[in-house]
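The structure is given below, and queries will be raised subsequently.
The values are calculated or read from the model by the stated rules, or taken from the named source; none is laboratory data. Keep in mind the model is a prediction, meaning the values are calculated, not measured. Positions of Cβ are generated from backbone atoms using ideal geometry, with glycine treated the same way; all protein chains shown enter the neighbour counts.
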Amino acid sequence: MKTIMVDMDNVITDGSFKKYIEEFFDISFELDDLTEYAYVQEMTKADVKGFWNYVKNKNFYTDAPLLDGCFEVLKKLKEKYDVYIVTSYLWNETIDISGNNLSNKYYYLQKMLPFIKPEKYIFTTNKDLLNFDIRIDDRINNLNGATTKLLFTAWHNRSIPTNELKEKNIVRVNNWKDIEKVLLNNN
């Protein structure tokens, strides 16, 4: 059975970083207007310490919905593949409170995707340490080593040219229905 690595943030859910940045700084913005992956660092630089103090006890996943189609497609994929959720929980800006994020991610996955057992959750910052046949992620550097590489479209990767993806044997997927077409309808 082939193995699949599925990233959590920006693939399964978007979490609440945007909401907390808007609350703390009393601003409003759209993720679609951003191009940089590190938007949190950019948008919080005016008061990094204050922002991280503000969010240190907040759960970024309490009200975070699954992205459209995620539940249904992951359930189908689990019937054909060995599916793992692989996600980072560390915040470089404040490592000391990252344990809360790990716990919040764990319980979110249990609640929202109960058919994927906790033994299939991997919390790591270095996905290159792991071998998978198929990788689904929103960052190109997390797709290395797989025979099937699916780049999930997010605000920060929309401008990557099609020819660059083709050179790296990467298929862009815009949503979970695209994943279903690639991994279930063509096999």
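Show the residue pairs meeting these rules: Cβ distance below 7 Å; 6+ apart or different chains; first residue within region 56-81 and free of Cβ contacts under 8 Å to residues at least 40 places away in the same chain; second residue crowded, with 16+ Cβ neighbours inside 10 Å.
78/116
Here's a follow-up. So for region 14-21 (the condition being more than 23 Å from residue 128 (Cα to Cα), out of contact with any strand residue (DSSP E or B) (no Cβ under 7 Å at 6 or more places or on another chain), small (Gly, Ala, Ser) and surrounded by 14 or more Cβ atoms within 10 Å (Cβ to Cβ)), does at least one residue qualify?
yes
Could you check residue 98 against (1) free of Cβ contacts under 8 Å to residues at least 12 places away in the same chain; (2) over 26 Å from residue 52 (Cα atoms) and say which number it fails?
(2)
Being touching an Asp or Glu at 6+ places or on another chain (Cβ under 9 Å), modelled with pLDDT under 90 and of a type in the set (Gly, Ala, Ser), is that true of even one residue in region 16-25?
yes
For region 33-152, give me every one of the helices (runs of 4 or more DSSP H) that falls completely inside it and has 1 or more residues that are within 17 Å of the chain's Cα centre (by Cα) and either surrounded by 15 or more Cβ atoms within 10 Å (Cβ to Cβ) or at positive phi (or both).
Filter on region 33-152 gives 39-44, 70-80, 98-112.
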